[in-house]
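Notes to accompany the following structure.
The values are calculated or read from the model by the stated rules, or taken from the named source; none is laboratory data. All values derive from a computational prediction rather than experimental measurement. Cβ sites come from the backbone with ideal geometry, for glycine too, and all protein chains shown count toward neighbours. Accessible surface areas use protein heavy atoms only, side chains included; no ligands, DNA or RNA. Shrake-Rupley method; radii C 1.70, N 1.55, O 1.52, S 1.80 Å.
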Amino acid sequence: MRIPTSHSRIYFLSAGLILFLITGFWIYQLMTRGHTLWVDVISWSADGSKIYSAASDDTDTEMIVWDVGTGKRIAGETHQLGRSTWIHELINEPTLFMLSYPKNGAFNDYPPPRISLLDESLNLDSDSSLISDYLGGVVPLDRTNQLVVYGMYQVQILGADLSPRMLLYEDRENRIVRVTASANEQFLAATSVSNVLTWDMKATDSYTELSVLDNLELGPVAISNDGRYIAASRYSLASLPGPSPVYFWDREVGSGPVKRIEYQQPVQFVRMIETEPEPVVLVVTGKDMLDCTVELYSPEGELVKELYRDRKEIHSIDIDQSHHRIVWVDSGSRAEMWSLANDEPQKMWKATWPSTRNIQFSPNDEQIAGQGFIEDIFIFHSANGQQTRVLKGHHTSQIYIYLFGSVMLLLMVGVISRHEERNKKHRKSGMINVGERLNWKMTQGEIPSSLPRFSFLEGKIDGHFEHILIGEGTHYPIMLGIFSWTEQSRENRVALKELCIIFPHISDTLPEMLIQPEFLFNSIAEWIGFQDIDLNESDALKKFSEAYTLRSPDLERTKEVIHDELARFLYENQGWTIEIKEDSVLMRWQRVKSFTSSRFSSDDADSIISFKEEAETIINLLLMRR
C-alpha cells in the first residue's frame, strides 16, 4: 500500500525512531557506558592506575572504576546512598571508602549520612558502615591505615574496618567545623566556633587549645609537620557580608595568634606547604566579580608571594605529593601551575582547560585528574597541562551495531532537520525584519574576541547567540542578539533565551558594575558574595535602590554614574539588568525568559526595536555625569 505523501515524513520519522531505540538498546547492552548523572566526586587509586568516580541524583549513586591507561571502565555499580562527597583508598591497606549524604539532608525521610566500605568491584559491605545523624567529614591517615571522622560535637579515630579506635574529642557546647592533618600525619588540627584544637598523634590523650579573640566561627585550617605553626580562617559561609580574617599561630610563642590578616572577600582555602627551610601557608580567597587571590605567606603571617589576582574565582586547587608544585583552575577555565622548588616561586605553565573542578594530582604527580561539570572526567599531563584523556566510558567494540545505529540516527536527523529548518525560518523572521528595517548586518552568532567576558555569558551550558545584528545606533555601534542556553533542573534540562544588547568599546571611564532587579538578590547573594550598594542621596536614588541591586568594586565612581535622571528612568522601566565590564556594556531585560513576556517577542520586530531604543536611552544616561 502506498503511504500518502502528506504523512510519509511522519511515518518515516516514527519508523526511524523505533529502529534507533532498538539499536540504542543493543548498544547499551553491548557497550560499556559511563556516568549518566552529574559527577559528584573523583579519587585516584592508591597506586595511581585507576580512578574512582561517583555521580548521583540525590537518591541513586553511580560508582565507576576507570582504567587510567586505557580510559575504559573496569567496574560499575549503583547504590541508593544519596549524594557522595568523598572517596578514598588507603595506601598501605587498599580499602575503598565513600562518604554520602541523603537527599537534601532530610533525616526524617531519608537515611542519615554514612561512610561505606566497598570492595574492588564496588559492592557495598553493609556490615561495615558508619551511619550517623551528622558527619562533617573524614581525614584519611594512610600511614597508619586509619580514618579521622568528625561530626558536629565529636572527633574520633576509626580503623580500616570502620571500627572505633579512639575518641579524641567530644563537647556538646563547642561545634566542630573542620579537621585537617599535617602532611606527615603526625598532628591534627580542628576549628570550632571560636578556637582551634590540636593533637599530637603520638599522645592523643590530650589536646592543645588555641584562642581567637574575635569570637568568629572558624573554618579552613592547616598545621605544619612539626605541629608548631597553625593557620585558620573564618568559616567561608559566614563571610557574608563581613570581613574574612586569617590567623597565624606559633605554638612556641603562645596560645594566641601572632598575626591577623583581614580580607574583604571570603577565604576559600588554607593549606600548609612543607617547603625548605620552613613551611609556607597557601591562602585562596574570593568569589566571581570580587577580588580573587592565591597568596603564599610565611608561617608567621608575612606575605611571601602573590601568585594570582583576578575577578575569576578559583574553582579548584591542589598541591603535589612532594609539596613542590601548586596547580589550580579558575571559573574562566584557565589553569596554572607554579613551582615552589626554588627560593622564588616560578610559573611553570598556563593552559585553557574544559570546565573543570575537584582537580587532583596522581600519586606519582605525573598526571592531574579533574571532573567536568556534567558527566566527563578529564586527565591532564602535569608537566605541561595538556589534556591526555577524557573518561566517557563509551567503547567501539561492537562497531557494526554502532554504525547501524549511526545510520539510523543520520536518517532521522535528516528528516527532523528539514522540519526544524522551517521552524527556524519562522523564529528568524523577527531578527531578519529588524535587520532589514535598520539596514544592519546579521551574523551567525559569533561575537568578537576583543569583547570582555561578561559574567552573564560565561559558564552556561550550551550558551551561544542564535543570531546577532550589528549596526550603528543613534549615537553608538550596537550588537543585538538572541542568547540561548540550557539549565539543569532536577529531572531534565530547560532551554532558555534572552534578548541582549551590547554596546562594544563605548567608554573606558565607566566603572565596572552590575545592576539587576532587587527580587533576584535574595536567592543568589549567598553564592556570589556581594553586598547591595544603597544610594539614598535623593528620593529618585532611594526608589532606585529599592527596585535594583547595585554591585561594584568602585563605589565612588559608581555614585558619579548613577544620577537622579538615570535612577528615575530605571525605576519607571523596571526589569533591566546592566553589566559594565572594562569598556563595554551588556543590557538585557530580566523578564524575557524564553520570550514568554508580553513586552518583548523574538518574532516581533517592533518589540525588538523598542528594546533597542530603550537601551540607547539608558546608555546615554549612563554616559552623563552628575
>> If I stretch the segment between residue 387 and residue 134 completely, what's the gain in nm (0.36 nm per residue apart, minus their alpha carbon distance), one decimal?
In response: 87.2 nm
> Mind listing which GluC sites (Glu not before Pro) in region 194-289 are in a DSSP loop and have 12 or fewer other Cβ atoms within 10 Å?
Replying inline: 252
> In whole percent, what relative contact order does region 174-311 give with Cα contacts below 8 Å and a gap of six or more residues?
Replying inline: 16 percent
>> I'd like the accessible area for residue 287: 1.4 Å probe, protein heavy atoms, all chains in place, Å² to the nearest 10.
In response: 40 Å²
> If we sort 296-309, 220-233 on the protection proxy, mean other Cβ atoms within 10 Å, highest first, what's the order?
Replying inline: 220-233, 296-309
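Give me the dipole magnitude in Debye, nearest 20, for region 174-311 about the Cα centre, with unit charges on the beta carbon: positive for Lys and Arg, negative for Asp and Glu.
Values: 13 positive and 20 negative charges, 86 e Å.
It works out to roughly 420 debye.
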> In the full protein assembly as shown, how much of residue 389 is accessible to a 1.4 Å probe, in Å² to the nearest 10?
Replying inline: 80 Å²
> residue 589 accessible area, nearest 10 Å², 1.4 Å probe?
Replying inline: 20 Å²
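If I take R0 = 35 Å and measure r between the Cβ atoms of residue 260 and residue 165 in this structure, what FRET efficiency does the formula 1/(1 + (r/R0)^6) give, to the nearest 0.05? Provide the component values of the computation, followed by the final result.
Details: r = 36 Å, r/R0 = 1.03.
Once the sixth-power term is evaluated, E becomes 0.45.
What is the calculated FRET efficiency for residue 346 to residue 74, with r their C-beta to C-beta distance and R₀ = 45 Å, to the nearest 0.05?
0.75
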> If r is the Cβ-Cβ distance from residue 474 to residue 310 and R0 is 41 Å, what FRET efficiency results, to the nearest 0.05?
Replying inline: 0.70
> At what distance in nm do the modelled label points of residue 461 and residue 321 sit from each other, each positioned 7 Å from its Cα along Cα→Cβ?
Replying inline: 3.6 nm
